[in-house]
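S.K.: What follows is a structure written as structure tokens; I'll ask about it next.
The values are calculated or read from the model by the stated rules, or taken from the named source; none is laboratory data. Treat the numbers as computed from the prediction; the structure is a model and nothing was measured. All Cβ positions, glycine included, derive from the backbone under ideal geometry; neighbour counts span all protein chains shown. In case anyone asks, the SASA skips ligands and DNA or RNA and just uses the protein heavy atoms, side chains included. Shrake-Rupley method; radii C 1.70, N 1.55, O 1.52, S 1.80 Å.
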Amino acid sequence: TYRNCYRLTGSPVCGPNVTNMAYTYYNCKGLTSSPVCGPNVINMYSTYSYCYKLTGTAACGNNVTTMYGTYQNCTNLTSISIPSSVTSIGANAFSNCKGLISIEIPNSVGIILNAFERCSGLTSITIPKNVWYIEGGAFQGCSALEDFFVSSDNISYISIDGVLFSMDKSRLIKYPAAKTGTSYNIPNNVNVIDFYAFSDCNSLASITIPNSVTEIQFSAFLKCI
């Protein structure tokens with residue numbers, strides 16, 4: 001609708017009957033505040049991607065269920081309010097939102113794809129109770145990330161000393177890139193080291209991989225300088 005409207009500023013308002021917003025404000029480089037999302041919007045696909053000047057807090061409509069590429073490359077956003085209607089945080093939903101320092105994922109979310117790539121300002125992530133699938137690479141490039149916290153009610157994932165694992169501890173999902181310490185011993189019952197599991201871990205000088213590991217996924221040690 002407003003794709004590539006470089007000079008668009010202010011906050012356009014969506015009509016009350018709109019249900020899908022795909023590339024609606026894509027690459028509106030001059031947009032400085034998040035437009036009001038219609039009350040009946042369900043899906044948001046690359047809605048505000050590349051809106052570099054969006055600042056402050058972005059808010060979605062209260063009925064949104066799916067987010068894909070929604071705020072990709074909105075580098076000046078500092079916080080985002082995700083409504084409790086969202087069940088899936090899809091690919092690139094917040095990728096490269098470098099100014100994002102905190103985000104609250106609601107309990108309604110069950111799926112997290114590679115949604116937070118290169119969110120270099122995030123320092124911690126809390127995985128709520130209903131998340132049952134996290135894609136490898138979901139937190140790749142989160143160079144300031146120090147800890148993962150997982151709800152005690154979650155039956156799919158667990159955090160051990162800030163490191164994210166599958167609940168049965170057979171898969172190491174992500175070691176926080178900014179976690180302190182120069183060495184790490186992977187627990188003996190781990191079978192799989194996930195995609196980008198140790199990416200950007202610049203402080204680590206050594207990792208001990210146990211004999212239980214049978215699979216090391218793509219780019220598991222990317223940019224471990």
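S.K.: Can you list the residues, at least 5 places off or on another chain, whose amide H is less than 5 Å from the amide H of residue 149, using H built in the peptide plane?
M.R.: 125, 126, 127
S.K.: Could I ask something else about it? Could you rank 161, 147, 200 by how accessible they are, 1.4 Å probe, largest area first? Could you put the intermediate results ahead of the total?
M.R.: Numbers: 161 120, 147 50, 200 25 Å².
Per-residue accessible area, sorted high to low, gives 161, 147, 200.
S.K.: Here is a follow-up. In whole Hz and in residue order, list the ³J(HN,Hα) couplings for the stretch 188-199 that follow from phi through the Karplus curve 6.51 cos²θ - 1.76 cosθ + 1.60, θ = phi - 60°; x for Gly and Pro.
M.R.: Using θ = phi - 60°, the values come out as 5, 8, 6, 9, 10, 9, 6, 3, 6, 4, 10, 4 Hz.
S.K.: Also: Figure the gain on full extension for residue 133 and residue 20 (residue separation times 0.36 nm, minus the Cα-Cα span) and round it to one decimal in nm.
M.R.: Taking residue 133 through residue 20 to full extension adds about 38.2 nm, to one decimal.
S.K.: Between residue 174 and residues 5 or more places away or on another chain, which pairs have amide H atoms under 5 Å apart, with H built 1.01 Å from N, and which residues are they?
M.R.: 164
S.K.: Please identify, among 97, 119, 28, the residue showing maximal mean-square fluctuation in a Gaussian network model of the chain using a 10 angstrom Cα cutoff.
M.R.: Taking springs between Cα atoms under 10 Å, the residue moving most is 28.
S.K.: For residue 77, list long-range residues whose amide hydrogen, built 1.01 Å from N in the peptide plane, is under 5 Å from its own amide hydrogen.
M.R.: HN-HN under 5 Å from residue 77: 99.
S.K.: Right, another one. Could you please state how large a percent of the accessible area of the chain is carbon and sulfur, counting protein chains only and using a 1.4 Å probe?
M.R.: Values: 4860 of 9880 Å².
Reported share for carbon and sulfur atoms: 49 percent.
S.K.: What's the FRET efficiency of residue 104 with residue 214 using the Cβ-Cβ distance as r and R₀ = 25 Å, to the nearest 0.05? The partial results should precede the final answer.
M.R.: Working: r = 36 Å, r/R0 = 1.44.
E(calc), rounded to 0.05, equals 0.10.
S.K.: Still on this structure: For the chain, how many pairs of lysine residues have a Cα-Cα distance under 27 Å, where the two are 8 or more positions apart or belong to different chains?
M.R.: For the chain, qualifying lysine pairs total 14.
S.K.: So I have [x] 1.02; [y] 1.59; [z] 1.54, and one of them is Rg/Rh (Cα atoms, Kirkwood Rh) calculated from this model. Which one is it?
M.R.: Recomputing Rg/Rh (Cα atoms, Kirkwood Rh) here picks out [x].
S.K.: Name all residues of the stretch 154-186 having a backbone nitrogen under 20 Å from the label point set 7 Å from the Cα of residue 203 along its Cα→Cβ direction, giving them as ranges.
M.R.: 159-165, 173-186, by backbone N distance to the label point.
S.K.: Let me check I've understood the local charge: for residue 68, count other residues with C-beta under 14 angstrom from its C-beta, Lys and Arg +1, Asp and Glu -1. What total comes out?
M.R.: Local charge sum for residue 68: -2.
S.K.: When DSSP assigns beta bridges and you keep just the ones with both residues in the stretch 147-225, what percent turn out antiparallel, to the nearest 5?
M.R.: Working: 6 of 13 bridges.
Percentage antiparallel, nearest 5: 45.
S.K.: If you don't mind, there's one more thing I want to ask. Say we join alpha carbon atoms closer than 10 Å with springs in a Gaussian network model of the chain; which of 206, 102, 46 then has the biggest fluctuation?
M.R.: The residue that fluctuates most here is 206.
S.K.: From the phi of every residue in the stretch 27-32, what ³J(HN,Hα) in whole Hz does the Karplus formula 6.51 cos²θ - 1.76 cosθ + 1.60 yield, where θ is phi - 60° and glycine or proline is x?
M.R.: 6, 7, 5, x, 5, 9
S.K.: Of all beta bridges DSSP finds with both residues in the stretch 107-193, what is the antiparallel percent, to the nearest 5? Can you show the working numbers first?
M.R.: Values: 6 of 14 bridges.
Restricted to the stretch 107-193, the bridges split so that about 45 percent are antiparallel.
S.K.: Next question. Among the DSSP beta bridges whose two residues both lie in the chain, what percent are antiparallel, rounded to the nearest 5? Before the final figure, lay out each step's value.
M.R.: Numbers: 6 of 34 bridges.
Here the antiparallel bridges make up roughly 20 percent for the chain.
S.K.: Might you tell me the accessible area per residue for the chain, computed with a 1.4 Å probe and given in Å²?
M.R.: Details: 9880 Å² over 225 residues.
In whole numbers, the chain has 44 Å² accessible per residue.
S.K.: Multiplying the sequence separation of residue 155 and residue 63 by 0.36 nm and subtracting their Cα-Cα distance, what value in nm do you get?
M.R.: Once the chain is fully extended between residue 155 and residue 63, it gains 30.5 nm.
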